[in-house]
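Presented below is the structure to which this report refers.
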Amino acid sequence: MNIASDPHDRFVRSTMANKLIAKAFFERHLPAKVLSVLNTETLKLEDGTFIDSKLHKSMSDMVFDCCYNDHQAKGNAKVVLLVEHQSTPQKLLPFRVYHYMFNMLQLKLKARSKKSLNEPLPAVYTLVLYNGQQTPYPYSLKLTDCFDDPHQVMVDVFSDKIPLVDINQEKDIELKQLKWFGILSMALKYSRTQDASALLLMLSEIIQSVDMNDPQALDLLKTVINYILVVSNDNNANRIIEHCQHLPEPMRGEIMTVAEVLKAEGKKEGK
């Protein structure tokens, strides 16, 4: 069904555009906690739509700006009304709603100036107005229930903080005990150093403890060396060669090979 010709959509849009009706609707259906911080007298219907073409086939959006009661709060909240006009309920409705919400925020973010890119996003509360034939709504409205998740892994994903590993906070003494994982972590941690030879010397202590008979280990070594020389932007090939003379094979050979390439490229460029 084309949303543009859908009578439910046209009816809801025409009536909710009336501020008194919108105010009454939200005052009845918003949770007390949300309603208590909003000044519904300031409700304002935004122009435009934020739904992508696929979602637009089954859902229509109306976005309202609403100021907080607290005048010290920065910016306005977004109260979003979605009109679900399909007669058949959707099991993945919560996912579609979140998809819409983040799509809307992403478009808002793109419209910002460079100075305001890192400012917090507006708070959003979403209501779905449903008038399908099957009632009450037969499926779960929890986002976590949209996943095949018998062990409840997603419960923690959506309720806890985003998992983030700050490699800069890892202790060197602990990383050095982790062999290849430690080497890769140390390379990332000190990737901004301007002295590639110093970093390679630091890693040599761990690399010497690794069995280099494994072909995969040699590939990893090459990857680490190339990564360090690229990201450090250290083009001093002579210094790299001098500092790495005493390193054991195959590390020394790999470093020397890359350094000689750098040296040759430098000669071509007249450096």
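A compact table of results
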| quantity | calculated |
| --- | --- |
| When residues of the stretch 177-224 are limited to those that are in a helix (DSSP H, G or I) and of a type in the set (Ser, Thr, Tyr), the one nearest to the chain's Cα centre (by Cα) | Ser185 |
| Some residue of the stretch 19-34 being modelled with pLDDT under 85 and either under 25 Å from Tyr139 (Cα atoms) or of a type in the set (Asp, Glu) (or both) | no |
| Count - residues of the stretch 196-213 that are open to solvent by less than 70 Å² (accessible area, probe 1.4 Å), at pLDDT below 75 and farther than 16 Å from Thr257 by Cβ | 2 |
| Condition check for Leu129: touching a residue at least 40 places away in the same chain (Cβ under 8 Å) and in a strand (DSSP E or B) | yes |
| Options Asp195, Asp148, Asp172: the member that is of a type in the set (D, E, K, R) and free of Cβ contacts under 8 Å to residues at least 12 places away in the same chain | Asp148 |
| Test for Lys176: is it open to solvent by 60 Å² or more (accessible area, probe 1.4 Å), modelled with pLDDT of 90 or more and basic (Lys, Arg) | no |
| Any hit, the stretch 67-79, residues being at pLDDT 85 or above and in a strand (DSSP E or B) | yes |
| Some residue of the stretch 80-88 being open to solvent by 60 Å² or more (accessible area, probe 1.4 Å) and modelled with pLDDT under 80 | yes |
| Flag for Asp145 being more than 30 Å from Leu203 (Cβ to Cβ), at pLDDT 85 or above and not in a loop (DSSP other than H, G, I, E, B) | yes |
| Enumeration of residues in the stretch 99-115 that are among the hydroxyl-bearing types (Ser, Thr, Tyr) and outside any loop (DSSP other than H, G, I, E, B) | Tyr100 |
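The values are calculated or read from the model by the stated rules, or taken from the named source; none is laboratory data. Please read all numbers here as calculations on a predicted model, not as lab measurements. Glycine gets a Cβ as well: all are built from the backbone with ideal geometry, and neighbour counts include every protein chain shown. Side chains included, ligands, DNA and RNA excluded: accessible areas come from the protein's heavy atoms. Shrake-Rupley method; radii C 1.70, N 1.55, O 1.52, S 1.80 Å.
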